[in-house]
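Inspection log for the structure reproduced underneath, given as structure tokens.
The values are calculated or read from the model by the stated rules, or taken from the named source; none is laboratory data. Keep in mind that this is a model prediction, so the values were computed, not measured. As a convention, Cβ positions derive from the backbone with ideal geometry for all residues, glycine included, and neighbour counts pool all protein chains shown. Ligands, DNA and RNA are stripped out before the accessible areas are found, and what is left, the full protein with its side chains, is counted by its heavy atoms. Shrake-Rupley method; radii C 1.70, N 1.55, O 1.52, S 1.80 Å.
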Amino acid sequence: MLDEINKIKTEIEARLSEINNADGVEKFRLEFLVKKGSIQTLFDRLKDVPKEEKPLIGKELNILRNFAEENYNLFKEKFEQSRETVSGIDLTLPGRKEFTGSLHPVIQTMREMNDIFIKMGFSIAEGPDIEDEYHNFDALNFPPDHPARDMQDTFFIESPQKLLLRTHTSPVQIRVMKGMKPPIRCIMPGRVYRNEAINARSLAEFHQIEGLYVDKHVTFAELKGTLIQFAKKMYGENSKFRFRPSFFPFTEPSAELDITCFLCGGEGCRVCKHSGWLEIAGCGMVHPNVLKECGIDPEVYSGYAFGFGIERVTMLRTGIDDIRLLYENDVRVLEQF
Ligand code: PHE
């Protein structure tokens, strides 16, 4: 009898090591723990055991049954939990951290700039990325031999209409002025393309926000006031700016707006090419030829225009000193903004 008890104990151990799901647990119960199971069968035979051996055998049998029952309960608990894994979902696993996306810093900057201008009374206009020479150059008073038209600067598209990827947002000015009568007060955000060598300061694809205001008696003083007002909202009341004379075919007079370099605070460094200043916008009074081309009488109306590079503004705000970081899509960079 003791031998048989030991044999069943070994069998129990073997079965337990094979159990790997709830069905296995049930099989185990049917084999060992029911009335007709092997343990009860041994108990049934206890009555035939000689009297003096009964206490010992009875004790061993009880130990065996407890052993089987305890293990059965353990396994049952274990596999009942995983029964909750309906169609492979384990409800007991701790959750995974969800990453929420955010707007790209360039888009954040663009929206913030839009908001400031909208509060000043500008509305938003848009134009196509694929332009023609007329809107990108001719109507903007670029002479036919202007170097900016060169293949080196402009991505031309092989097409009978000589299409190109716009090199600035200024062609939208033409579309707006041809589409509506003054007063016109618009900003025109968008993507632009230039065939430039890629380095820490420039990319072949970037964003600009163009601004245009055309009405009677618009002056350069208003242009300066508007841009300074905008720049202070964007960079804080204490930031320093300067206007510097410049040239664009479509504005006369023309200027560029500089801000004190964010990196060196005006001391002079690599980013500002040791000048202490960074250019953030081109601007000027809309050239009479451009107004005329759009059917607006320059004797009656005048206007100003400006164009900001959004990446440059983003770099100033974020302290990122290499423009390429904005487009490598490295989440370690992007998730900081
Ligand atoms: N289009 C000019 C550029 O891309 C910027 C500009 C816009 C200048 C409007 C003057 C007026 O550099």
### Message
If you count only protein heavy atoms with a 1.4 Å probe, what accessible area per residue comes out for region 22-136, rounded to a whole Å²?
### Response
70
### Query
What accessible surface, in Å², does a 1.4 Å probe find on CYS272, ignoring ligands, DNA and RNA and rounding to the nearest 10?
10
### Summary
For region 105-334, whose charge dipole is built from +1 on Lys and Arg Cβ atoms and -1 on Asp and Glu Cβ atoms, the candidate among PHE206, GLY319, GLN173 with its Cα farthest towards the positive end is GLY319
### Summary
Length gained if VAL333 through GLN108 is fully extended, taking 0.36 nm per residue and subtracting the Cα-Cα distance, is 79.5 nm
### Query
Which three lengths, in whole Å and largest first, does region 1-99 cover when its Cα atoms are put on their principal axes?
73, 20, 17
### Summary
Distance in Å, no decimals, from the C-alpha centre of region 290-321 to the one of region 192-256 is 5
### Inter-part distance where region 44-63 and region 128-180 are each reduced to a Cα centre, Å
104
### Task
Would you please name the GluC sites (Glu not before Pro) within region 223-302 that are DSSP coil residues with at most 11 other C-beta atoms within 10 Å of their C-beta?
GLU237, GLU267, GLU299
### Task
Return, ordered by residue number, the residues of region 1-37 whose backbone nitrogen is under 19 Å from a label point located 7 Å along Cα→Cβ of GLU53.
1-10
### Task
Just add up the charged neighbours of TRP277: K/R +1, D/E -1, any other residue whose Cβ is under 15 Å from the Cβ of TRP277.
+3
### Message
Keeping all protein chains in the complex and leaving out DNA, RNA and ligands, what accessible area do you get for THR92 with a 1.4 Å probe, in Å² to the nearest 10?
### Response
80
### Share antiparallel - DSSP beta bridges, region 115-209, percent rounded to 5
80
#### Entry: Positive minus negative residues near TYR327 (Lys, Arg vs Asp, Glu; Cβ under 15 Å)
-1
### Query
Antiparallel DSSP bridges in the chain: what percent, to the nearest 5?
95
### Task
Please report, in Å, the Rg and the Dmax of the chain, where both are computed over Cα atoms only.
40.0, 130
#### Entry: Charge-dipole axis of region 2-84 as Lys and Arg at +1 and Asp and Glu at -1 on Cβ define it, positive-most pick from ALA14, GLY58, PHE79
GLY58
### Sequence-distant aspartates and glutamates (8 or more away, or on other chains) whose Cα lies within less than 13 Å of LYS36
ASP44
### Message
What does the net charge come to around ARG191 if you take all other residues with beta carbon closer than 14 Å to its beta carbon, with K and R at +1 and D and E at -1?
### Response
-4
### Query
Long-range amide H contacts for GLU205: which residues qualify at under 5 Å (H placed 1.01 Å from N, peptide plane, sequence gap of 5 or more or a different chain)?
ARG194
### FRET efficiency estimate (nearest 0.05) - Cβ-Cβ, ILE63 to LEU33, R0 22 angstrom
0.90
### Task
Give the residue from ILE259, VAL34, PRO128 lying farthest towards the positive end of the charge dipole for the chain; charges sit on Cβ (+1 for Lys and Arg, -1 for Asp and Glu) and the dipole is referred to the Cα centre.
VAL34
### Query
In nm, what is the difference between 0.36 nm times the number of residues separating LYS178 and GLU80 and their Cα-Cα distance?
27.8 nm
### Query
Given Cα pairs under 8 Å that are at least 6 residues apart, what percent is the relative contact order of the chain?
14
### Query
Counting only residues 5 or more places away or on other chains, whose amide H sits under 5 Å from the amide H of THR251 once H atoms are built in the peptide plane?
HIS287
### Query
Hey, any idea what % of region 2-84's accessible area is carbon plus sulfur with a 1.4 Å probe?
50
### Message
Can you tally the lysine pairs in region 105-334 where the Cα-Cα distance is under 18 Å and the two residues are eight or more apart, or on different chains?
### Response
14
### Message
Suppose every Lys and Arg Cβ carries +1 and every Asp and Glu Cβ carries -1, with no other charges. What dipole size does region 105-334 come out with about its Cα centre, to the nearest 20 debye?
### Response
700
### Task
Would you mind putting 139-145, 257-263 in packing order, based on average other-beta-carbon counts within 10 Å, highest first?
257-263, 139-145
### Query
List the lysines whose alpha-carbon lies under 18 Å from that of LYS59, not counting same-chain residues fewer than 8 positions away?
LYS7, LYS9, LYS47, LYS51
### Query
Rounded to the nearest 0.05, what FRET efficiency is calculated for ILE228 and LYS97 with R0 set to 41 Å and r the Cβ-Cβ distance?
0.35
